[in-house]
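Enquirer: Below is one structure. I have some questions about it.
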Amino acid sequence: MPFFIILILIILGLCLAWLIYSLVWGTPPSINLAVERLSLKMILNDPEALTTLGVIDNTLLDFHSGQLTDVSPGAAQRKHQLDREGLALIRRYQGRDLSYQQQVTYQMMHWYFEHNLRGHRFSYHWEPNTVFMGPYPVNHVFGVQIDLINFLTTYHQIKGQRSARRYIQRLNMIPSKIAGLLESLNLRQEAGVTPPRFVIEKSLRQIENFLSTPIEENPLYTSFTEKAKASAQFPEFAIARWQDRVKDAIENEVYLPYRLLQNYLEDSLALASDEDGVWKLPNGDAYYDFLLRNHTTTEASPEEIHRLGLDEVEAIEAAIREVLEDLGLPTENPGAQLKALMADSQFHFTGENRREMIQRDYQDILDEINRKMPDVFSFGALDEIVVERLPEFREPDSPIAYGEAPAIDGSRPGRMWINLRDPNNIYQWGMRTLAYHEGIPGHVYQLA
């Protein structure tokens, strides 16, 4: 082989080695590649988030769908270390000749990692989680104990024997996950971070309902059965065998850790108080100030933010009074009048099928606005958005509705979940506002 060809191959090999080193360990040539590297490291440590994204589950690249995300103090420390590494890497691009888009990326990621690092002094107050940012990992709205069940019933797909086997592996990992959660709760308790009484009581009620439900009605069992049948990959006799394996995992691997968590919460009631503000937490004033930065990205003081809120409420009440006056309704107390309108039966659905009627009307509202999205947003319309009723086990302490992003690979549509425990909580004149907020152009569209 001619010498110059060998030389070219050596140079190409060295360039490739340099590129691999810079992408994996060093400084990538572009800040966009750096962000992708950091994002990949974050997501690879979170198997539940990987499944939620819906990109590589049930493919040859699927290494994670038999695992659960670690919520132990050790996992929190690894997140802290990644924040430190992330900020150090992003700062390497300071002063470089960046395009406008890259400058925006730099500012966003610098703020993100720097803000997370500031939050580390509140280790047991706060988690940099996009959904739950509070100090109590067990809570009745988005707590670990309820989100874990929701994750397994909603996001884990059953497409064949492999995914069924992975589902059982995840059920078998629940003792480890709850053990990590209990370790974290103990450290929080030692630091003086204890939930208010109502949070513990409502969380306990959820766990008690979960444990008292017969296995054949348990959502972990029923959702598996529904998805296995819908996959058309299992003959009837095989489904029965898999059902037995799921039932065995629930009885022997799931119930015990939930009972341990139940016992812990019952003991915690003795330490709980009825105070529910962050002022009761250690260093609570500083924590409150930190949360204001997190949610507003401003340097405004708590007093300034509060004053702004009062001014906005006053402006909104003035606008409501104008509408009430146009309708010939009393204007003295807008809040009381709105409550009266919410309770007015003429705006409620009636009949045996009223839950289905509510769900259908929400679907019509979202389908209508989705068709108009290409006229106002370059992103265009969503492929699909579906309105679904919250599972009954989630209804008692869940909000009236919330949105859920579609899977990146299109395997799962965007969804607006609605709480239909009491149909009288739905009043017709408020449906569009809620649908637009939670669905389109609100959270589902925002996260798509």
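Enquirer: If I go through region 43-82 residue by residue, how many of them are of a type in the set (Ser, Thr, Tyr), part of a loop (DSSP other than H, G, I, E, B) and either within 22 Å of ASN32 (Cβ to Cβ) or out of contact with any Ser or Thr (no Cβ under 8 Å at 6 or more places or on another chain) (or both)?
Expert: Final tally of qualifying residues: 2.
Enquirer: I'd like to verify a number: residues in region 405-448 that are charged (D, E, K, R) and modelled with pLDDT under 90, how many?
Expert: Final tally of qualifying residues: 2.
Enquirer: Give me the pairs: first residue in region 236-259 and assigned by TED's automatic domain parsing to the domain that holds ARG165 and closer than 18 Å to THR225 by Cα, second residue part of a helix (DSSP H, G or I) and among the basic types (Lys, Arg), beta-carbon distance under 7 Å, and six or more apart or on different chains, which are they?
Expert: Hits for this filter: ILE239/LYS229.
Enquirer: Find all pairs meeting these conditions: Cβ atoms under 7 angstrom apart; at least six residues apart or on different chains; first residue within region 106-126 and without any contact (Cβ under 8 Å) to a residue 24 or more places away in the chain; second residue in a helix (DSSP H, G or I) and among the β-branched types (Val, Ile, Thr).
Expert: HIS110/ILE90
Enquirer: Turning to a different aspect of this structure: Tally time: how many residues in region 83-105 are assigned to a helix (DSSP H, G or I) and surrounded by 16 or more Cβ atoms within 10 Å (Cβ to Cβ)?
Expert: 7
Condition check ((1) under 24 Å from VAL278 (Cβ atoms); (2) buried (at least 17 other Cβ atoms within 10 Å of the Cβ)) across all residues:
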{"residue": "THR69", "(1), (2)": "no, yes"}
{"residue": "GLN81", "(1), (2)": "no, no"}
{"residue": "GLN107", "(1), (2)": "no, no"}
{"residue": "HIS115", "(1), (2)": "yes, no"}
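Enquirer: Please find, among LEU291, LEU308, LEU327, the residue that is modelled with pLDDT under 90 and out of contact with any Ser or Thr (no Cβ under 6 Å at 6 or more places or on another chain).
Expert: LEU291
Enquirer: Give the residues of region 227-240 that are surrounded by fewer than 13 Cβ atoms within 10 Å (Cβ to Cβ) and either assigned to a helix (DSSP H, G or I) or in contact with a strand residue (DSSP E or B) (Cβ under 6 Å, 6 or more places away or on another chain) (or both), sorted by residue number.
Expert: Of everything in region 227-240, those that are surrounded by fewer than 13 Cβ atoms within 10 Å (Cβ to Cβ) and either assigned to a helix (DSSP H, G or I) or in contact with a strand residue (DSSP E or B) (Cβ under 6 Å, 6 or more places away or on another chain) (or both) turn out to be ALA230, GLU236, PHE237, ALA240.
Enquirer: Kindly indicate the residue of region 202-221 that is without any contact (Cβ under 8 Å) to a residue 60 or more places away in the chain and within 23 Å of the chain's Cα centre (by Cα) and also surrounded by the fewest Cβ atoms within 10 Å (Cβ to Cβ) among those meeting that condition.
Expert: Result: TYR221.
Enquirer: Now a separate question. Determine which single condition ASN353 fails, assuming it passes every other condition in (1) more than 13 Å from PRO423 (Cα to Cα); (2) out of contact with any strand residue (DSSP E or B) (no Cβ under 6 Å at 6 or more places or on another chain).
Expert: ASN353 satisfies all of (1) more than 13 Å from PRO423 (Cα to Cα); (2) out of contact with any strand residue (DSSP E or B) (no Cβ under 6 Å at 6 or more places or on another chain) except (1).
Enquirer: Listed residues ILE408, ILE358; which is of a type in the set (Val, Ile, Thr) and either under 18 Å from the mean Cα position of the chain (by Cα) or assigned to a strand (DSSP E or B) (or both)?
Expert: Being of a type in the set (Val, Ile, Thr) and either under 18 Å from the mean Cα position of the chain (by Cα) or assigned to a strand (DSSP E or B) (or both) holds for just one of ILE408, ILE358, which is ILE408.
Enquirer: Being part of a helix (DSSP H, G or I), in the same structural domain as SER273 (by TED's automatic domain parsing), crowded, with 16+ Cβ neighbours inside 10 Å and under 23 Å from the mean Cα position of the chain (by Cα) is true for just one of LEU171, LEU152. Which residue is that?
Expert: So the residue among LEU171, LEU152 that is part of a helix (DSSP H, G or I), in the same structural domain as SER273 (by TED's automatic domain parsing), crowded, with 16+ Cβ neighbours inside 10 Å and under 23 Å from the mean Cα position of the chain (by Cα) is LEU171.
Enquirer: Among the residues of region 182-200, count how many are in a helix (DSSP H, G or I), over 14 Å from GLY74 (Cα atoms) and of a type outside the set (D, E, K, R).
Expert: 4
Enquirer: Just a yes or no: is a residue in region 331-342 in a helix (DSSP H, G or I), under 26 Å from MET416 (Cβ atoms), modelled with pLDDT of 95 or more and basic (Lys, Arg)?
Expert: No; the residues of region 331-342 include none that is in a helix (DSSP H, G or I), under 26 Å from MET416 (Cβ atoms), modelled with pLDDT of 95 or more and basic (Lys, Arg).
Enquirer: Could you grab me the full set of residues in region 155-166 that are crowded, with 19+ Cβ neighbours inside 10 Å and part of a helix (DSSP H, G or I)?
Expert: Within region 155-166, SER163, ALA164, ARG166 qualify.
Enquirer: Quick check on this structure: which one of PHE198, PHE142 is over 25 Å from ASN58 (Cβ atoms), touching a residue at least 12 places away in the same chain (Cβ under 8 Å) and of a type outside the set (A, V, I, L, M)?
Expert: After ruling out the rest, the residue left standing is PHE198.
Enquirer: I need every pair where a residue in region 324-338 that is without any contact (Cβ under 8 Å) to a residue 60 or more places away in the chain has its Cβ under 8 Å from the Cβ of a residue that is assigned to a helix (DSSP H, G or I) and polar (S, T, N, Q), sequence separation at least 6 or different chains.
Expert: Within 8 Å, the pairs are LEU324/GLN337; LEU329/GLN337; PRO330/GLN337; THR331/GLN337.
Enquirer: Another one. Say we look at region 274-316 and pick out the residues that are in a loop (DSSP other than H, G, I, E, B) and exposed (fewer than 11 other Cβ atoms within 10 Å of the Cβ); which of these is nearest to the chain's Cα centre (by Cα)?
Expert: Across region 274-316, the extreme among qualifying residues is THR297.
Enquirer: Which of (1) touching a helix residue (DSSP H, G or I) at 6+ places or on another chain (Cβ under 6 Å); (2) in a helix (DSSP H, G or I) does ALA319 not meet, given it meets every other one?
Expert: (1)
Enquirer: Which condition from (1) out of contact with any Pro (no Cβ under 9 Å at 6 or more places or on another chain); (2) without any contact (Cβ under 8 Å) to a residue 12 or more places away in the chain is the one that LEU291 breaks?
Expert: So LEU291 meets the others, but not (2).
The values are calculated or read from the model by the stated rules, or taken from the named source; none is laboratory data. Bear in mind that the values here come from a model prediction, so they are computed numbers and not experimental data. All Cβ positions, glycine included, derive from the backbone under ideal geometry; neighbour counts span all protein chains shown.
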